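Values in this text are rule-based calculations from the coordinates and carry no lab data. A quick note: this is a predicted structure, and the numbers were derived from the prediction, not measured. Cβ placement follows ideal geometry from the backbone for every residue including glycine, while neighbour counts extend to all protein chains displayed.
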């Protein structure tokens, strides 16, 4: 069965994952779905829905902003954006400043999903552990544990994403968005990408 598809006026879930297509439309005023996405994000916020983004969301979003800036600059010089960037690597700096501002604005509406699994993150958030972190020996122990926890989570997420790619004919990025959301128990995703609709077991919000 395909995903459950809802529009922006349908009943809301308590938690929702933003993919990059929605995030870009939410941010870019010239996007034809901008107003709809802003209104939906505002509805989520007022309803107390927790909206999440991941590293994959932020990476795609940042790359979009950087590429768009470089394309505009390259056009003036009659060059393809990658060639322009190769010749003028410092041209990325204005785009990076824009990315920093955009990501800062995004934090008003979303919560970032860390790369570690939920059990490990819950452990770090325990009040007792916060007190223990004042001791250098505990800090050193956590530094030793963190890489292993990350590797276990990353391997599991990769396996889940690859299964989604094979099962539903997804591109890697789409599969990783879903795998990460599901690894945190989030079943609802807001996206402008119709490929998500093919995936069984999730709820897709679309304009």
Least to most buried among 8, 85, 40 (fewest other Cβ within 10 Å first): 8, 85, 40
Residues 17, 80, 64, sorted so that the one with the fewest Cβ neighbours within 10 Å comes first: 80, 64, 17
The stretch 1-63 - percent relative contact order, Cα under 8 Å, separation 6 or more: 42 percent
Euclidean distance of C-alpha centroids, the stretch 47-98 and the stretch 1-32, integer Å: 22 Å
